[in-house]
Amino acid sequence: MLTKGRTEAVVHLDRLAANFEKTRALLPPETEIIAVLKADAYGLGAAGIWPALHGCGVRTFAVAYWQEGAALRDAGLEDDILLLADMWDDELPMALKYRLTPTVFDPGTAAILNGLARAAGVVQPVQLKIDTGMRRIGLPWGQDAVPAVKRIAAMKNLHITGAFTHFSKADDPASDETERQMERFIGTVEAIRAAGVRLDMVHAANSAAVILRPSTALDAVRVGDILYGLITVDDGPWDALGLEEVMTWSARVSFVKTVPAGTAIGYGGTYITDRQTVVATVPVGYADGYSRRLSNKGVVLIRDREAPVIGRVCMDQFMVDVTDIPGVRRGDEVTLLGGPVTIRRMSGLSGVSVDELACGITARVPRIYAGT
């Protein structure tokens, strides 16, 4: 229930813990779960959920950029933080300052980091990224990776703690690309180890791989979607797990009016009423993260009944048809996300991925943490 203000999102930490346990049950007991908190924990609020994940047993977290890692340190997180993306040379001091584990795949960048660590009198942990087919960043797979890795491993103020890769088609059960990438990765790891370089942790699987290809669970898995209840695979395997969406989102009706048939609604008049219509205005828009692609397609709940979005979603407001919901008035709660209005359903209506929808709910929407 909305506690105050025009809108808020509730992050249900009990659901997060339940999803963690269901994920844990899919994995060998020795496999570590790395919780991915990039993009502010997919919109949930990283500072608000890391304590719950730590309480579940997570001891390694992953983010994309150093700024995200720094924010977690400022929020009190003391566990290991792995940076999945690249760092510019002038950003490398931040890895030391905030005790982050950067990804390295270039000896030149590694040499700069090594020099900074030597000057600070510390040994800096790093992990290697192997590009096995995603074609974003990383060392080449196979023997071609070995010369660069040996150069990095020889840098006395760097400690290579592990290596990882990223699957490009793990969510596609019909594709065998994941198996090919896995073979390339394992072959590269074996070549690196044969060259005398120790790798304590190797990891490849994301949420989709954990569900569809459990054999890819190595020393660790990197998961976000499965923890947060954001569907990553076909309905059948996903539904069988019984995962719950962790975030709900609500607002209030700000205005109710009755208009005659033939009335154009909103910018561009993209919706024309075909009957006398009771229109409710919701004070949320695409600046809050309610996708503009839900214009004339979305649905919300008011008084436990569904109301369709009519007209274009504006920056700060949108309208719904409540003609068939008696008694709607200013202040009534509107469920934007929750119950039958799942993020999966919103994705299907809008054509926007669940991750993009979740990450798109902006800081204008307060996060409330419940169910601890």
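The values are calculated or read from the model by the stated rules, or taken from the named source; none is laboratory data. Nothing here was measured: the structure is a model prediction, and the numbers come from that model. With ideal geometry, Cβ positions are generated from the backbone for all residues, glycine too; neighbour counts draw on all protein chains shown.
Points worth noting:
- Out of 163, 170, 148, sole residue that is buried (at least 22 other Cβ atoms within 10 Å of the Cβ), among the hydrophobic types (A, V, I, L, M, F, W, C) and touching a strand residue (DSSP E or B) at 6+ places or on another chain (Cβ under 7 Å): 163
- Qualifying residue in segment 280-292 (condition: modelled with pLDDT of 95 or more and more than 22 Å from residue 43 (Cα to Cα)): yes
- Taking (1) in a helix (DSSP H, G or I); (2) within 30 Å of residue 150 (Cβ to Cβ); (3) small (Gly, Ala, Ser) in turn, residue 62 satisfies each apart from (1).
- Pairing residues of segment 7-31 that are within 30 Å of residue 316 (Cβ to Cβ) and touching a residue at least 40 places away in the same chain (Cβ under 8 Å) with residues that are assigned to a loop (DSSP other than H, G, I, E, B) and aromatic (Phe, Trp, Tyr), at Cβ distances under 7 Å and at least 6 apart in sequence or on separate chains, gives no pairs at all.
- Residue check: residue 59 meets all listed conditions (1) surrounded by 16 or more Cβ atoms within 10 Å (Cβ to Cβ); (2) touching an Asp or Glu at 6+ places or on another chain (Cβ under 9 Å) but one, namely (1).
- For segment 174-211, a tally of residues being under 21 Å from the mean Cα position of the chain (by Cα) and either of a type outside the set (Val, Ile, Thr) or outside any helix (DSSP H, G or I) (or both) returns 7.
- Condition check for residue 80: out of contact with any helix residue (DSSP H, G or I) (no Cβ under 6 Å at 6 or more places or on another chain) and surrounded by 14 or more Cβ atoms within 10 Å (Cβ to Cβ): yes
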